[in-house]
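Structure record follows, encoded as structure tokens.
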Amino acid sequence: MVLWGNSVFSVLRVMFGLLMMSTREKGKPLNGAKVNMTAPDLISQYHVHGIVRRSSSFNTGRIEHLYKNPQAHIEGNMKLHYGDLTDSTCLVKIINEVKPSEIYNLGAQSHVKISFDLAEYTADVDGVGTLRLLDAIKTCGLINSVKFYQASTSELFGKVQEIPQKETTPFYPRSPYGAAKLYAYWIVVNFREAYNLFAVNGILFNHESPRRGANFVTRKISRSVAKIHLGQLDCFSLGNLDAKRDWGHARDYVEAMWLMLQTDEPEDFVIATGEVHSVREFVEKSFKHIGKTIVWEGKNENEVGRCKETGKIHVTVNHKYYRPTEVDFLQGDSTKARQKLNWKPRVTFDELVREMVDADVELMRNNPNA
């Protein structure tokens with residue numbers, strides 16, 4: 001997505017995640033958000049332009065509440081454009097039409113495991129797609145008027161070279177996704193240095209919310225736990241239970257994204273909580289929230305998570321969910337962002353887990369097939 005504007009606190013996850021923003025005042029930018037927590041308020045103050053891929057079915061379910069008229073899909077101050085990061089012509093056309101002041105490139109094939117199956121596509125979208133976007137800005141003569149945010153990732157660190165990871169930590173990506181994002185990172189740096197474009201990389205560690213995609217592990221857990229709580233499911237399978245991540249809330253991280261574009265000079269920032277939790281711990285806390293205690297039995301692929309209260313097995317391990325090259329441990333050091341942006345995470349890990357489970361319980365109660 002592309003965002004353009006002076007302020008952004010949430011992100012509109014419109015397929016490719018390209019948002020463009022401009023303020024409602026002439027000459028000022030718009031605003032969008034990656035999991036849109038305060039997006040309705042922002043849209044009342046800014047004009048938001050998003051890029052969405054064409055589909056035979058509606059694919060804007062996660063932003064329907066932002067429409068002026070959700071039933072009729074009337075957009076109001078949020079305007080969607082058909083486009084694609086693999087189509088440079090459409091990017092030039094849209095950027096030239098909108099002339100944004102801020103662009104937030106949140107677009108990507110962002111599922112790490114799937115990137116091994118769609119390696120070429122991931123490289124085209126996540127890597128070369130970023131170049132197409134930067135070139136479009138240059139072609140439209142907006143180098144001196146646009147601020148550009150690139151959604152970088154903690155997956156750049158992959159096989160970590162130091163703990164915790166900060167802006168100066170050497171990169172060692174362990175997936176086609178990470179490798180593609182590495183190219184995107186350096187092409188952003190190149191445009192910043194070669195053309196003096198205000199362009200920044202936000203190296204965001206894992207950030208979650210109830211709007212996380214259903215096939216990402218945190219959302220898979222919260223959805224499954226909700227279904228088990230409501231009697232709609234007995235058991236679900238996961239991959240590496242011992243993978244450890246630095247998980248934060250998307251709402252906090254989008255604020256950091258916006259803050260990066262409000263500085264006088266463009267710089268790259270690591271955004272993280274500094275806390276590490278395992279997938280196993282995410283499972284345990286999710287079940288604890290619905291009154292169940294998970295006890296682990298067995299080892300490796302034979303390990304299961306059994307409910308202490310009922311004796312039922314609710315979690316199993318399936319090797320198909322493992323990556324060919326695993327990333328075992330990620331922990332970010334956001335000291336630079338805390339000092340220079342005055343940013344800090346507000347939502348705790350426990351609060352994040354509870355919010356996601358509660359939201360999915362409500363969702364599954366209203367629509368078991370969701």
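The values are calculated or read from the model by the stated rules, or taken from the named source; none is laboratory data. On a predicted model such as this, the values are computed, not experimentally measured, just so you know. Virtual Cβ from ideal backbone geometry, glycine too; neighbours counted across all protein chains shown. To get the accessible areas, we keep the full protein, side chains included, count just its heavy atoms, and leave off ligands, DNA and RNA. Shrake-Rupley method; radii C 1.70, N 1.55, O 1.52, S 1.80 Å.
For the stretch 348-364, which positions are open to solvent by 10 Å² or more (accessible area, probe 1.4 Å), touching a helix residue (DSSP H, G or I) at 6+ places or on another chain (Cβ under 6 Å) and among the β-branched types (Val, Ile, Thr)?
361
Just need a number here: residues in the stretch 308-343 that are open to solvent by 90 Å² or more (accessible area, probe 1.4 Å), touching a residue at least 40 places away in the same chain (Cβ under 8 Å) and closer than 16 Å to residue 275 by Cα.
Residues that pass the stated criteria total 1.
List the pairs whose first member sits in the stretch 237-266 and is over 22 Å from residue 328 (Cα atoms), whose second member is open to solvent by 30 Å² or more (accessible area, probe 1.4 Å) and hydroxyl-bearing (Ser, Thr, Tyr), and whose Cβ atoms are under 8 Å apart, counting only residues at least 6 apart or on separate chains?
Partner pairs satisfying both residue conditions: 251/38.
Go through (1) open to solvent by 20 Å² or more (accessible area, probe 1.4 Å); (2) at pLDDT 95 or above for residue 305 and report which single condition fails.
In the conditions (1) open to solvent by 20 Å² or more (accessible area, probe 1.4 Å); (2) at pLDDT 95 or above, residue 305 misses (1) alone.
List every residue pair whose Cβ atoms lie under 9 Å apart, where the two residues are 6 or more positions apart in sequence or sit on different chains, the first residue falls within the stretch 176-192 and is farther than 18 Å from residue 120 by Cβ, and the second residue, located anywhere, is open to solvent by less than 40 Å² (accessible area, probe 1.4 Å) and among the aromatic types (Phe, Trp, Tyr).
As it stands, the answer is 188/148; 191/148; 192/148; 192/198, since those pairs meet every condition given.
Among the residues of the stretch 218-246, which ones are hydrophobic (A, V, I, L, M, F, W, C), touching a helix residue (DSSP H, G or I) at 6+ places or on another chain (Cβ under 7 Å) and surrounded by fewer than 22 Cβ atoms within 10 Å (Cβ to Cβ)?
Step one: list which residues in the stretch 218-246 are hydrophobic (A, V, I, L, M, F, W, C), which gives 221, 225-226, 228, 230, 233, 235-236, 238, 241, 243.
Now narrow it down to the ones that are touching a helix residue (DSSP H, G or I) at 6+ places or on another chain (Cβ under 7 Å): 221, 225-226, 230, 233, 236, 238, 241, 243.
Matches in the stretch 218-246: 230, 233, 236, 241, 243.
Being out of contact with any strand residue (DSSP E or B) (no Cβ under 6 Å at 6 or more places or on another chain), surrounded by 16 or more Cβ atoms within 10 Å (Cβ to Cβ) and either assigned to a loop (DSSP other than H, G, I, E, B) or modelled with pLDDT under 95 (or both) is the filter here; which residues of the stretch 147-159 pass it?
Selection gives 158 alone.
Give the residue that is surrounded by the most Cβ atoms within 10 Å (Cβ to Cβ), with candidates limited to residues of the stretch 98-113 that are touching a strand residue (DSSP E or B) at 6+ places or on another chain (Cβ under 8 Å) and outside any loop (DSSP other than H, G, I, E, B).
Applying the filter and picking the extreme gives 104.
Criterion first (buried (at least 22 other Cβ atoms within 10 Å of the Cβ) and either assigned to a helix (DSSP H, G or I) or touching a helix residue (DSSP H, G or I) at 6+ places or on another chain (Cβ under 7 Å) (or both)) does residue 213 satisfy it?
no
Of all residues in the stretch 261-283, which are outside any loop (DSSP other than H, G, I, E, B) and surrounded by fewer than 23 Cβ atoms within 10 Å (Cβ to Cβ)?
The answer is 277, 278, 279, 280, 281.
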